[in-house]
Amino acid sequence: MLEASIDTPQLFGLVLAGGQSSRMGKDKGLIDFYGKPQREYIFELLSKFCVQVFTSCKENANIPFFLNPISDQFKIESPLNGILSAFQKRKDVAWLTLPVDMPLINSSSIEYLIFHRSKDHFATCFFDSEEKNPEPLFTIWEPKAYVALEKFYNSGKVSPRDFLKQSFVKIIKLPDVSVLLNINSPEELQKFNITRSFR
């Protein structure tokens, strides 16, 4: 775990596992990329860098107790649900979010994000794979973002990307954007597995 300075809020981790997985047709958090369910792999990965790690999930989801589930508290289908619900649990910490559908995220990319973290901004994030817009799900959300996120939600908006685009955030370039690859469908999963088998 990386040490934070005294005036920097503690860093907590949040596995974003509350999506519907409708395109995949099965729970993406249970897909095995590295010898265990991806939600467990991401949980353990975040544990190397964060004081505590939790798992964002839908209410009544079958999430093991050791993954520290935080049930969605809002009636919206958006990752914003998980982010806001995490802040409701702890408003005084920063939350490093990671989704279960980006299997190439590794320790190096997390270290890079943390190294460039700015506690003075609402959030620190990368440009997406097209390097045009912010990538909202692999992001450090500072405590000061919570009130702004609530106002954003109360105005009827639910897109974390839109929030980042219009807010005071630090956006950096990731040296290897392939890390941000999303696996959202059986076809993408099959292609990913085939590609890995030839490496």
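Descriptive notes on the structure:
- For the chain, alpha-carbon Rg and Dmax in angstrom: 15.9, 48
- The angle separating the long axis of helix 186-197 from the principal Cα axis of greatest extent in the chain is about 70 degrees.
- Electrostatic bookkeeping for Leu14 treats Lys and Arg as +1 and Asp and Glu as -1; over the other residues with beta carbon under 11 Å from its beta carbon, the sum is +2.
- For Phe33, the residues 5 or more places off, or on other chains, whose built amide H falls under 5 Å of its own are Gln38.
- Under 20 Å from Lys36, Cα to Cα: aspartates and glutamates that are on another chain or at least 8 residues apart: Asp27, Glu44, Asp101, Glu188
- For region 58-99, taking Cα atoms only, Rg and Dmax work out to 10.4, 28 Å respectively.
- Karplus-derived 3J(HN,Hα), 6.51/-1.76/1.60, for each residue of region 54-62, Hz, glycine and proline x: 10, 10, 6, 7, 6, 4, 6, 5, 8
- Rounded FRET efficiency, nearest 0.05, which uses the C-beta distance separating Gln190 from Phe65 and R0 of 22 Å: 0.10
- Area projected by the alpha carbon convex hull of region 25-110, averaged over all directions, nm²: 6.0
- Taking amide H positions as modeled 1.01 Å from N, with prolines and chain starts lacking one, no residue 5 or more places away or on another chain lies under 5 Å from His121.
- Distance violations [Cα-Cα > 32 Å] among Lys48/Lys144; Lys75/Lys144; Lys91/Lys165; Lys157/Lys191: Lys157/Lys191
- Computed 3J(HN,Hα) for region 139-149, one whole-Hz value per residue from the Karplus formula 6.51 cos²θ - 1.76 cosθ + 1.60 where θ = phi - 60°, is 8, 9, 9, 7, x, 5, 6, 4, 4, 5, 5, glycine and proline marked x.
- One Cα centroid belongs to region 165-183, the other to region 31-68; the line between them spans 22 Å.
- Here the dipole of region 68-199 is about 320 debye; that uses its Cα centre as origin and unit charges on the Cβ of Lys and Arg (positive) and Asp and Glu (negative).
- Residue with peak Gaussian network fluctuation, the chain [Cα springs, cutoff 10 Å], from Glu111, Glu187, Glu135: Glu187
- Rounded, prolate or oblate (a/c below 1.5 giving rounded, otherwise prolate when a/b exceeds b/c) for region 149-199 by Cα gyration tensor: oblate
- Amide H contacts of Val53 (H built 1.01 Å from N, under 5 Å, at least 5 apart or other chain): Gly13
- For region 27-43, 3J(HN,Hα) computed residue by residue from phi via the Karplus equation (6.51, -1.76, 1.60; θ = phi - 60°) reads 5, 5, x, 9, 5, 9, 9, 9, x, 7, x, 4, 5, 6, 4, 5, 4 Hz, glycine and proline entered as x.
All of the numbers you see were taken from the coordinates with simple rules; none came from a lab. The model shown is predicted, which means the values in this text are computed figures rather than measured ones. We place every Cβ from the backbone using ideal geometry, glycine too, and count neighbours over all the protein chains shown.
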